[in-house]
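First, the structure itself, so that you have it in front of you.
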Amino acid sequence: MKPSLAGAGLPGLRNLVGPKVRELRRTLGTQQRFVRILKEDHGLILSRSALVKLEAGNRYVLDFELAAIALALGVGVQALLPADLQRGLANLQGK
């Protein structure tokens, strides 16, 4: 079965990664601390307001932002996707 965004369960959102970013970011502490880590360690300037919108799915995420966020969280980009989409992509890699 081919992976599909139809089953992602996130209609009307502007990104698929926001909820997972929020979940993982909370392990690092406050939004303010995470914004500081992004800027100081990864060169990404993202306001707290932009992070709030991103986490809520109300802001598009650029590819370089996604890479910096994944690095700051210590995960691969794929880990930020919804679980069902991760499984579908993992199945493709196994072929």
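Which whole-Hz couplings ³J(HN,Hα) result when phi for each residue of region 78-84 is put into the Karplus expression 6.51 cos²θ - 1.76 cosθ + 1.60, θ = phi - 60°, listed in order with x for Gly and Pro?
Running phi through 6.51 cos²θ - 1.76 cosθ + 1.60 with θ = phi - 60° gives 4, 5, 8, 7, x, 4, 5 Hz.
Separate question: Let me know the whole percent of all Cα-Cα pairs from region 15-88 that are separated by more than 16 Å.
Cα-Cα pairs of region 15-88 separated by over 16 Å account for 42 percent.
Under the rule of -39500 (n - 2.57) per DSSP H run of 4 or more residues, summed and divided by the residues of the chain, what mean residue ellipticity at 222 nm is obtained, to the nearest 500 deg cm²/dmol?
Counting only the DSSP helices, I get -16000 deg cm²/dmol.
Here is a follow-up. Can you compute the charge dipole magnitude of the chain about its Cα centre, using +1 on each Lys and Arg Cβ and -1 on each Asp and Glu Cβ, nothing else charged? Give it in debye, rounded to the nearest 20. Intermediate values should be presented prior to the final figure.
Values: 14 positive and 7 negative charges, 37 e Å.
Charge dipole, the chain, about its Cα centre: 180 debye, nearest 20.
Given R₀ = 25 Å, what would the calculated FRET efficiency be for residue 91 paired with residue 62, taking r from the Cβ atoms and rounding to 0.05?
0.35
Still on this model: Tell me, what ³J(HN,Hα) does each residue in region 57-70 have, in order and in whole Hz, if you take phi through Karplus 6.51 cos²θ - 1.76 cosθ + 1.60 with θ = phi - 60° and put x for Gly and Pro?
Running phi through 6.51 cos²θ - 1.76 cosθ + 1.60 with θ = phi - 60° gives x, 9, 9, 5, 10, 7, 4, 5, 5, 4, 5, 5, 5, 4 Hz.
Report, to the nearest 10°, how far helix 31-42 tilts away from the longest principal axis of the Cα atoms in the chain, using its own Cα long axis and a range of 0 to 90°.
In the chain, helix 31-42 runs at an angle near 90 degrees to the longest axis.
Throughout, read-outs are computed from the coordinates displayed, never taken from laboratory work. Not measured: the values here are computed from a predicted model. Positions of Cβ are generated from backbone atoms using ideal geometry, with glycine treated the same way; all protein chains shown enter the neighbour counts.
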